[in-house]
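These notes concern the structure reproduced below.
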Amino acid sequence: MDLRICHLYPDLMCIYGDRGNVIALAQRARWRGIDAQVRELREGEALDPDWADLYFFGGGQDLGQDVVSRDLQGANGEALRRALASSAAILSVCGGYQLLGHEYVPADGPAIPGLGLLDVTTRAGKLRFVGNLLAEAPQGTLIGFENHSGCTYLGPQARPLARVVVGHGNNGEDRTEGAVQGRIVGTYCHGSVLPKNPWLADMLLLWALERRHGAVRLDPLDDTMELAARRAAAEVARTRP
Amino acid sequence: MTLRTLTALAAGKAVRAGLQAIGRGGTALPGLVALALDPEVIGHLSARLAHGVVLVSGTNGKTTTSRMFAEIARAAGWTPVHNRSGSNLERGIAAALLADADVAGRLRADVGIFEVDEASLARVVTRLEPRVVLVANLFRDQLDRYFEVDQLARRIADAFARLSPATLLVLNADDPLVARLGDRHRGRVVFFGVDDPLVGGRVAQSISDATHCPRCSSRLAYARVVLAHVGEWSCPSCGLARPARDVSVARIALGRDGTRLELAGGGEMKVPLDGLYNAYNAVAAIAVARCLGIDDATVSRALAAFRPAFGRLEVVEADGRRLRIVLVKNPAGSNAAIGALLERGGRLRVLAALNDRDADGRDVSWIWDADFEALVPSIEHAVVTGLRAADLALRLKYAGLPVSDMEVVDGWRAALRHAIDTTPADGETVVLATYTAMLALRGALAEMGYVGRFWED
């Protein structure tokens, strides 16, 4: 069995450990004997909507986000739309999450259009939310670190990924964190969210494998070290958020 | 000297004496007290330095470069005041100055050499009038504290635009984020770089923070990539390119016991440190020395006798084993350290320590940007410790280190004891530690009797 992962704009949208997510997806597939291939898409290259089963779209700096936003307004945006419509899965983090939404409204100046694949809208906030984040999802506890000033609000099509216990999440107001809509996932847990949240990594792997291999079952892995890192990070989030 | 400055000086000195009486090093608190009483204290005191103030900043290499330049200054017969304990915020500079001053504010030193945290640089340059400001590089580091590196560069460039024209800027031409920091400076800018065609690869590294042109946003082209986004860069679209180097290394010969630098335009220097990044540190120090009129023969003599700071490849002897201590605090620095370790060759025993205090960065995600995949095939055994040991162990697992080849050990002394005891006699363990983990390990090594106290350094 094989799995194809596409890392979107790795050099522009990969701030602070985002690539840990791609490492986690590929390794958790390989440890199960699945042949995981990773391709990178850079701006200006053509996205092949038929190739990847799973996309990763990380966060970036302002300049990177501008370049990527322009690239996605052309054929690549259309290709990604088609890929996700034909049941590929995607994990988006921070800036990537914002760009999958309808638009980003800065403090001044015109709104920056997103792809509208997620029913969310983001507005520039006055505060920066920086710190450990702990949130409860139906599938498990989400543990990560957030660092954003954008405030994201969910529309009726999107469900929150998790409910915030410690931290700020989407906007610091409604206790929601991240969004799920079909096989599209967005989160503000930037950096390496998947290594410490193997339930989320495996959920994405299952969705991705189903695209070309039908219903599959994932063999269990020995997650002792993952659980130890989760326990330590949860303790940090509770005691010194 | 105003009464206010003298009061601040007296209070700071009293705090320092009190801390020393109870056996504490006190590299920051006395400065903090003095600054609270007189925010201008560092400007007033440093104005008395005959050779002026040199500020050394950048994400990586600050401590080594400023120590190198301090040795050069000493060799030139100058007397430096130097915040050498890695205390590189405004308060650390204040503490160093007031430790050097007498109660009337007279300084023993005649030159100030201060390493400055890159996030504090924009502020510090407004607090005193530096003669030279060196910026060595800007990389992603502690995103929770510094935020994005583009924003940091903008803040520094804004501050440089307001500098006195008398201030000399010394900038790394090979770092596109740094090379443009002086564009709006009214005074002179001196560039340094590495021009050895054999140094560096052709492929951009995955952790690059400056893939695109700072002027026109097109993708930069690299003839050579030395580290992250540092290298021989140019913009094929608008023609922006690395500025001409005033001080440059034409050839670098890396060896196990040190590095030989051939300077463009003639001259050769030896530095008893390995690692390509130390060649950069040396050329930066050479550039500063030349700006201040110190001759190459003096520079060469000082560099040849240079000894590394604690945690910068320093070696500690413990029961016939060597602990080679390497500070790792961000992806670019880690990759540079990993590169230097791999150049040495052989199988490695590692003690790795990860903390998430403010000074380390509270977000430990950065370990996923560091190229542990390159290091792991050379690791024979790893002991992992620190407040976030579990995160680091997980990183090593995903980088391919078999779980049976690593042990997580709680507690600094226990981890050191275990690492030392499992190292073969005459063998070596490489200690990779973040800043506060390194301080804690240093404290434990002192308790165990292997090193002296920190502030004697």
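Some observations on this one:
- Distances between placed amide hydrogens fall under 5 Å for A:A162 paired with A:E177, all partners being 5 or more residues away or on another chain.
- Candidate aspartates and glutamates for bridging to B:K13, where Cα separation is under 17 Å - those fewer than 8 sequence places away on the same chain excluded: B:D38, B:E40, B:E90, B:D100, B:D102
- Convex hull volume per residue in cubic angstrom - Cα atoms of region B:150-263: 122 Å³
- Accessible area in square angstrom per residue, the protein assembly as shown, 1.4 angstrom probe: 36 Å²
- Prolate/oblate/rounded label for region B:1-61 (Cα gyration tensor, a/c 1.5): oblate
- Relative contact order for region A:4-122, counting Cα pairs under 8 Å that sit 6 or more residues apart, in percent: 26 percent
- Accessible surface buried at the B:A interface totals approximately 3600 Å², computed with a 1.4 Å probe on protein heavy atoms.
- The stretch between B:E317 and B:R154 holds 54.3 nm of extra length on full extension. This uses 0.36 nm per residue minus the Cα-Cα distance.
- Cα gyration tensor category, rounded, prolate or oblate, for region B:312-456 with a/c compared to 1.5: rounded
- Counted over the protein assembly as shown, the DSSP beta bridges are approximately 45% antiparallel.
- Chain B: Cys lacking any partner C-beta under 4.7 angstrom: B:C291
- Remark: relative contact order (region B:3-304) = 16 percent; criterion is Cα-Cα distance under 8 angstrom and separation of 6 or more residues.
- Region B:312-456: antiparallel DSSP beta bridges as a percent of all, rounded to 5: 25 percent
- Convex hull projection area averaged over all views, region A:2-237, Cα basis, nm²: 11.7 nm²
- Spread of Cα-to-Cα distances over 5 Å intervals beginning at zero, given as percent, for region A:88-189: 3, 15, 27, 27, 18, 8, 2, 0
- Across the accessible surface of region B:290-424, with the other protein chains kept in place and a 1.4 Å probe, carbon and sulfur atoms take up 50 percent.
- Vicinal HN-Hα couplings computed from phi for region B:302-308 (Karplus, 6.51 cos²θ - 1.76 cosθ + 1.60; Hz; Gly/Pro x): 5, 5, 4, 9, 5, 10, x
- Per-residue SASA entry for A:L209, accessible area with 1.4 Å probe, Å² rounded to 10: 0 Å²
- Contact order relative to length of region B:312-456, as percent, for alpha carbon pairs under 8 angstrom and 6 or more apart: 34 percent
- Using a probe of 1.4 Å, the accessible surface attributed to A:F145 totals some 10 Å² when neighbouring protein chains are kept in position.
- Drop in accessible area of at least 30 Å² in the complex versus isolated chain, residues of region B:360-374, 1.4 Å probe: B:R362, B:D363, B:S365, B:W368, B:D369
- Global form of region B:34-111, assessed from the alpha-carbon gyration tensor, a/c cut-off 1.5: oblate
- Percent of alpha-carbon pairs separated by more than 22 Å within region B:373-457: 28 percent
- Region B:3-304: Rg to Rh, with Rh as the Kirkwood radius over Cα pairs: 0.98
- Estimated Rh, the protein assembly as shown: Kirkwood, alpha-carbon pairs, angstrom: 26.4 Å
- Karplus-derived HN-Hα couplings along region A:10-15 (A = 6.51, B = -1.76, C = 1.60, θ = phi - 60°), whole Hz, x at Gly and Pro: x, 8, 9, 10, 7, 8
- Accessible-area value, B:R301, 1.4 Å probe, nucleic acids and ligands omitted, Å²: 140 Å²
- Annotation: average projected area of region B:89-131 is 3.2 square nanometres, based on the convex hull of Cα atoms across all directions.
The values are calculated or read from the model by the stated rules, or taken from the named source; none is laboratory data. Quick caveat: nothing in here was measured; it's all calculated off a predicted structure. With ideal geometry, Cβ positions are generated from the backbone for all residues, glycine too; neighbour counts draw on all protein chains shown. When the accessible area is computed, the model is the full protein with side chains, heavy atoms only, and any ligands, DNA or RNA have been set aside. Shrake-Rupley method; radii C 1.70, N 1.55, O 1.52, S 1.80 Å.
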